[in-house]
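*Asks:* Handing you this structure, nothing more for now.
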Amino acid sequence: MAEILKINMETALHDPETAFGTPAALVRSMALTRGQKIATLQRWSYQVHDRLRAGDEGMPTRRMSSGDLALLGTIVSAIVDLRNGHADSPGK
């Protein structure tokens with residue numbers, strides 16, 4: 001019997017870090033189309049960029065900049081993989 005996917009689409013699309021935790025988990029999700037995955041990863045990358053900019057401007061951030069830089073690299077790799085049809089190997 002197929003398992004029903006339980007996902008809050010609003011959170012998944014607009015706060016992917018909370019919904020998925022990692023870009024790889026987002027890529028593996030069966031709840032989103034390829035296009036939704038790419039758009040959501042792009043949105044996630046904008047959020048990370050915003051955090052990094054805030055840190056550069058002296059605003060307090062909840063995350064370490066080096067962690068965000070690594071996360072941004074993983075997000076970009078996942079986007080490239082999806083665009084190239086390599087959804088099974090996010091971030092490689």
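Every read-out reported here was derived from the displayed coordinates using simple, explicitly stated rules and does not represent laboratory data. Keep in mind that this is a model prediction, so the values were computed, not measured. Here the Cβ positions follow ideal geometry from the backbone for every residue, glycine too, while neighbour counts run over all protein chains shown.
*Asks:* Can you give the extra length, in nm with one decimal, that the chain gains between residue 18 and residue 31 once fully stretched, where that is 0.36 nm per residue apart less the Cα-Cα distance?
*Replies:* In short, 3.1 nm is gained.
*Asks:* If each of residue 65 and residue 83 carries a label point 7 Å out from its Cα toward its Cβ, how far apart are those two points in nm?
*Replies:* Here the modelled spin labels are 2.7 nm apart.
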